[in-house]
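Visitor: The structure under discussion is supplied below as structure tokens; questions concerning it will follow.
The values are calculated or read from the model by the stated rules, or taken from the named source; none is laboratory data. What you are looking at is a predicted structure, and each value in this text was computed from that prediction instead of being measured. Backbone-built Cβ (ideal geometry, glycine too); neighbour counts: all protein chains shown. Only protein heavy atoms, including side chains, enter the accessible area calculation; ligands, DNA and RNA are left aside. Shrake-Rupley method; radii C 1.70, N 1.55, O 1.52, S 1.80 Å.
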Amino acid sequence: MCCPAPEVIELDNPLLKQADYVWLTCKTTALASVLHELTGVISDTCPVFTCQNGIGAQAMVAEQLPHNPQSTALIGCNVVLAGDDGLRQSSEGGLILEDAGLYGQLLPNWPERFWSLSLTDDMPAMQWAKLQLNLTNAVNALADEPLLNVLQQRAMRKVVASMMDELLAVCRGKQLALPRLTKVTPALLPSILRLPNWLFRRVAAAMLTIDPEARLSMWWDILQGRQTEIDFLQGAVVREAQSLGLAAPVCDRVYKAILKLQTGEAVSKTDWLG
């Protein structure tokens, strides 16, 4: 499924003062600068949707735009570039919104032909469920291989599974019941990832039906010398675990390896495979 590339509107465009909504779809690492540029540009009554991966974006928006009505949106699928002219949804899922009462007028005009839209009254649980899936991002970057190659190697899948176990322990400590964003429940996913290769290929065949050259966004960030979102992914798991008196050693190991990698330091597989 493809959709046209969005029209670019400069920040000095007076139309922004009349905006019905603002959707923050930049990476979390760019959010602080985007919020700084938006301050004083949009009206205080303009609702703002926060659409970032990981944990922490909402607090940044609340601090920088305290008067604007705010809501969180979660993109429950993967979106990739489709050439130079558009975007393509490459996995199942759609857009999930919180706070239906405030944004109910949006729903009747939603273009379902482009993207499904659903509502939730427990966005924190949704965010942690999405974060569980996003933990693979860092392993893909560290492995420096296509995602399909990563998923076909049990040693790498076991690292992802261990990080997921640490995240699930944090969620139990926070009393969050994670929803299912894929065909597999969050609690069962680590066990499936740990299966021997021959059995994993049979049980999780759908996970392997991906472009053989596809790589996740953190790999591209490293390649292009950009700061990654690791502080909001594995870093968030480590911080929340510490606040609950829990340990997250595998997330911490991967987190530190990515920090080294994004500063140009060499990272060996023993640094993060364990």
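Visitor: Out of [x] 57; [y] 38; [z] 45, which label holds the value of percent of Cα pairs over 28 Å apart that was computed here?
Guide: [y]
Visitor: So how do THR136, THR45, THR29 rank on accessible area, 1.4 Å probe, biggest first, that is with the largest at the start?
Guide: Ranked from most to least accessible, the order is THR45, THR29, THR136.
Visitor: Over the heavy atoms of LYS17, what accessible area does a 1.4 Å probe trace out, to the nearest 10 Å²?
Guide: Using a 1.4 Å probe on the heavy atoms, I get roughly 110 Å².
Visitor: Hey, what do the phi angles of segment 45-60 turn into as Karplus ³J(HN,Hα) couplings, whole Hz, using 6.51/-1.76/1.60 and θ = phi - 60°, x for Gly and Pro?
Guide: 8, 6, x, 10, 9, 9, 10, 8, 6, x, 10, x, 5, 4, 5, 5
Visitor: Using the Cβ atoms and a cut-off under 9 Å, what net charge is assigned to the surroundings of LEU148, where Lys and Arg are +1 and Asp and Glu are -1?
Guide: Neighbour charge sum, excluding LEU148 itself: -3.
Visitor: Could you tell me the relative contact order of the chain? Use alpha-carbon pairs under 8 Å, at least six residues apart, and round to a whole percent.
Guide: 17 percent
Visitor: How much of ASP20 can a 1.4 Å solvent probe reach, expressed as accessible area in Å² and rounded to 10?
Guide: 120 Å²
Visitor: Between GLN227 and ALA187, what is the spin-label point distance in nm, taking each point 7 Å from the Cα along the Cα→C-beta axis?
Guide: Calculated label separation equals 3.8 nm.
Visitor: Under 8 Å for C-alpha pairs, at least 6 residues apart: give me the relative contact order for segment 142-218, rounded to a whole percent.
Guide: 48 percent
Visitor: Accessible area, 1.4 Å probe, largest first: how do ARG253, ARG172 sort? Working shown, then result.
Guide: Values: ARG253 80, ARG172 160 Å².
Per-residue accessible area, sorted high to low, gives ARG172, ARG253.
Visitor: Next question, about the same structure. Computed over the Cα atoms of segment 202-244, what is the ratio Rg over Rh, Rh following Kirkwood?
Guide: Over the Cα atoms of segment 202-244, Rg/Rh equals 1.16.
Visitor: Less than 23 Å apart at the alpha-carbon level, and either on another chain or at least 8 residues along: which lysines does that give for LYS260?
Guide: Candidates past the 8-residue exclusion: LYS27, LYS158, LYS269.
Visitor: A further question follows. With a 1.4 Å probe and every protein chain left in place, tell me how much accessible area GLU240 has, in Å² to the nearest 10.
Guide: Surface open to solvent at GLU240 totals about 50 Å².
Visitor: Heavy atoms only, probe 1.4 angstrom, no DNA, RNA or ligands counted: give me PHE49, PHE232 ranked by accessible area, highest first.
Guide: Descending order: PHE232, PHE49.
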